[in-house]
Every structure is written in structure tokens, then in C-alpha cells.
Amino acid sequence: MKLDLMKLFDGYVRNYHTFNLTIHHGKHSFTMTEIGHFSRLGSMLGFFPYTEDTCNATNRPMDLTWWDNYDGEYWHDFVLHLERENYFKKDEETLDKLFCEREYTPSNIIGIMNVRNHERIEELLSQAKTMCKVDNALLIFKTTSSGKSQKYFDEVHAYLLNTRKIVESKTAYVSDISGTLYMYYENEK
């Protein structure tokens, strides 16, 4: 089942303020809150979300998966694999987790990563294009590369990949109101 991943990104952007994340929260809070958002979304859409899923111990733990069509013994549809990474040094490892060879291949992939700058985004996109074997993968990169001096990321770049090419991209921005972060598109500010 192919999901409209850019529509999921739109919801992520427009609802970010409801996460109540502030400039004072640590990296773990961001990870857990964002995974929780996508887990609840999967449930609301009628899927079965699992965190730290290993596919019956056949894969490395995946931050979040959505499954569908359980026959009482087996799951038949691996709908989504999501990885969320805070650490710059684990960006390539995250791509490997998302696009590795495995027995069960997800129909949809989302990777959310913090990266140092636009140049690193370009490097990771180049790698992703050579690794991606699915028709629907969304890579979301958070960066502070606008040059502002602040404690949080201020740009969020989303790229939709169809196998080995980028088919759509969007950029959102992040600001804070009294320390609480919100995300928006430039034309909505």
C-alpha cells in the first residue's frame, strides 16, 4: 500500500506545535515525541504500529513499523518503516537501516535525521539515490544551516524518493514562541 508521504509530512509540519517541544528539551524527548506522533497516526489510520520492531528477530530493531493484514499467525503487509536519528555521526547508518536488504521490505519508508548543513544533505541524498529500492521513501533532514545562532534546528527539508530519483521536495521552517517550537511553511507564516 503506497501512502502519500508528503501529505504525512504536511501533517507533521502543521501539528508540530502540538508536540509541546521546547528549546529546553533534550534529544531523547524529540525522538520519543516524534515517534509517538507517527505511532498514533498509524493507529488512527487503522494500521498496527510497533516500536523497536525486529520482524521476529530477523532484522536490526526498527524505531517504528506499521503492519496490516494479520491472519492470526502472520502479518502480510509491511506498510511503513520509520527511523529517527539525532546524532550527526549516525546519518549513514540510518540510511543503511532504511534501505538494507531484508526478508520483509516495507512499502513506505520515512527517515528523520539531524544533519550539520546543506552540503551534508546533498551527500546523504546522493547515497540514498544509490541505495533506495522502494517506490516511496521520504527523507526528512533537520538542520541549523541558516546561520542563525540558536539552540534548535531552523530548517526542515523533505525529499520524496521513488526508487533512485527525487520526485518531490518541500522545505519547512522552525521558530519558537516563548521557547515552544513550531514548524511552518514560508507562505504560511
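For a modelled paramagnetic label at Lys170, 7 Å from Cα along Cα-to-Cβ, the residues of segment 21-50 in reach, with backbone nitrogen under 16 Å, are 38. Between Glu93 and Arg14, the simple label model (points 7 Å from Cα in the Cβ direction) yields a spacing of 3.6 nm.
Using heavy-atom solvent-accessible surface (probe 1.4 Å) with all chains present, what is the largest-first order of Arg84, Arg120, Arg164?
These residues rank, largest area first, as Arg164, Arg120, Arg84.
When both bridge partners sit in the chain, DSSP labels roughly 75% of those beta bridges antiparallel. A 1.4 Å probe run over segment 73-136, with the rest of the protein chains in place, finds 49 Å² accessible per residue.
In units of the rule-of-thumb radius 2.2 N^0.38 Å, the chain shows an alpha carbon radius of gyration of 1.00.
Across the chain, C-alpha contacts under 8 Å between residues 6 or more apart give a mean separation that, scaled by the residue count, equals a relative contact order of 20 percent. Average accessible surface for segment 10-54: 54 Å² per residue, computed with a 1.4 Å probe over protein heavy atoms with every protein chain in place. Atom-type composition of the exposed protein surface of the chain places 48 percent of the accessible area on carbon and sulfur (1.4 angstrom probe). Taking all Cα pairs closer than 8 Å and separated by 6 or more residues, the relative contact order of segment 7-119 comes to 18 percent. Between amide H atoms placed 1.01 Å from N, distances below 5 Å from Leu161 occur with Ala137, Leu138, Leu139, Val167, all of them 5 or more places distant or on a separate chain. Looking at segment 42-75, which chymotrypsin sites (Phe, Trp or Tyr not before Pro) are DSSP coil and have at most 16 other C-beta atoms within 10 Å of their C-beta? Here the chymotrypsin sites (Phe, Trp or Tyr not before Pro) that fit, given the DSSP loop and packing criteria, are Tyr74. Only Lys, Arg, Asp and Glu carry charge here, each on its Cβ (+1 for the first two, -1 for the last two); on that basis segment 18-153 has a dipole of about 820 debye about its Cα centre. One chain, two ends: Glu103 and Arg60. Fully extended at 0.36 nm per residue, the span grows by 14.3 nm beyond their Cα-Cα distance. In this structure the amide hydrogen of His25, modeled in the peptide plane, comes within under 5 Å of no amide hydrogen from residues 5 or more places off or on another chain.
The values are calculated or read from the model by the stated rules, or taken from the named source; none is laboratory data. Quick caveat, the model's predicted, so the values are computed rather than measured. Glycine also receives a Cβ, built like all others from the backbone with ideal geometry; neighbour counts cover every protein chain displayed. Quick note on the areas: whole protein, heavy atoms, side chains included, nothing else; ligands and nucleic acids left out. Shrake-Rupley method; radii C 1.70, N 1.55, O 1.52, S 1.80 Å.
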